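The structure appears right after this line, and notes come after that.
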Amino acid sequence: MAAVLILTFLSVAVAGGLLYLVFNLMTEYKPGKKKVQQDLKQMKDKLGSYTKDLVPINKEELELFSLSQIHQLSKKKKTRTARGVYTTIFHEPILAYSYKRYLSSGLNAVLYARTADHEFAFRIQGKEVKVVIDNQLAGTIKNNDTFYSIRDNRVVAQINRSNTAYLPVLVNNKEVAQVSMPVTGNKEKLLSSRAFTFIKSDIGKEEEKLLLSLSILELVNREVDS
């Protein structure tokens, strides 16, 4: 009798474990809104200790923004995760990010990024990316290069990929910056390499947020796809 009870208990425990595993895999494969929100909160919390020292961004800091990172962590297990903090060429932390790619037949991911003054959340599904800036839905980036406003579905910003030396970023059809092309080499080369080869002298706050939205997605995509 005791042996039967033990076997029954083990069978229930194994079944329960399998159900948990299946449920866990399903939430990673097709995460619902609640799951994504939970992941965003965890990502934000894990970056907390890195964000308190971020340098406020202005035109001068954008010009110093480098491709170098600190606190960098990247994992490839059942899901693809990455996080890090971009610095200026003077080693100052300027932007922190955390990325998670879910199990899926297509691209399905979430990205959280933080500057000293603003936070950005990206819900990535296929070729469309919903962008939330400071807890407000701002619009959709399509094909990783064109930002459509949530207000009227108008193109408000885009990356021009026709240039092979740098990537011009346009806001309302006017060039406001140029994103550097990917750099390969040792860490010293990365540290001295700036993220932007050009920043418009009178760039405004709204232009800056749109520029950062496209640039964060561009830089992190390079990181997780490498």
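Of note:
- In the stretch 176-195, residue farthest from Val85 (Cα to Cα) [restricted to those that are polar (S, T, N, Q) and modelled with pLDDT of 65 or more]: Gln178
- Any chance Glu60 is under 12 Å from the mean Cα position of the chain (by Cα) and of a type in the set (Asp, Glu): no
- Of all residues in the stretch 49-94, those satisfying the criterion of being within 21 Å of Val110 (Cα to Cα) and not in a strand (DSSP E or B) are Ser49, Tyr50, Thr51, Lys77, Lys78, Thr79.
- Tally of residues being touching a helix residue (DSSP H, G or I) at 6+ places or on another chain (Cβ under 9 Å), surrounded by fewer than 12 Cβ atoms within 10 Å (Cβ to Cβ) and outside any strand (DSSP E or B) across the stretch 148-176: 0
- Within the stretch 63-83, being modelled with pLDDT of 90 or more and farther than 14 Å from Tyr97 by Cα holds for Glu63, Leu64, Phe65, Ser66.
- Taking the stretch 95-147 and the strands (runs of 3 or more DSSP E) fully enclosed by it, the elements with 2 or more residues that are more than 26 Å from Lys52 (Cα to Cα) and open to solvent by less than 30 Å² (accessible area, probe 1.4 Å) are at 136-142.
- Answer residue from the stretch 60-94, given it is of a type in the set (D, E, K, R) and either touching a residue at least 60 places away in the same chain (Cβ under 8 Å) or at positive phi (or both) and is least open to solvent (accessible area, probe 1.4 Å) among those: Arg80
The values are calculated or read from the model by the stated rules, or taken from the named source; none is laboratory data. Only a predicted model underlies this, so the values are computations on that prediction, with no experimental measurement involved. In this analysis, Cβ positions are derived from the backbone assuming ideal geometry, glycine residues included, and neighbour counts consider all displayed protein chains. In case anyone asks, the SASA skips ligands and DNA or RNA and just uses the protein heavy atoms, side chains included. Shrake-Rupley method; radii C 1.70, N 1.55, O 1.52, S 1.80 Å.
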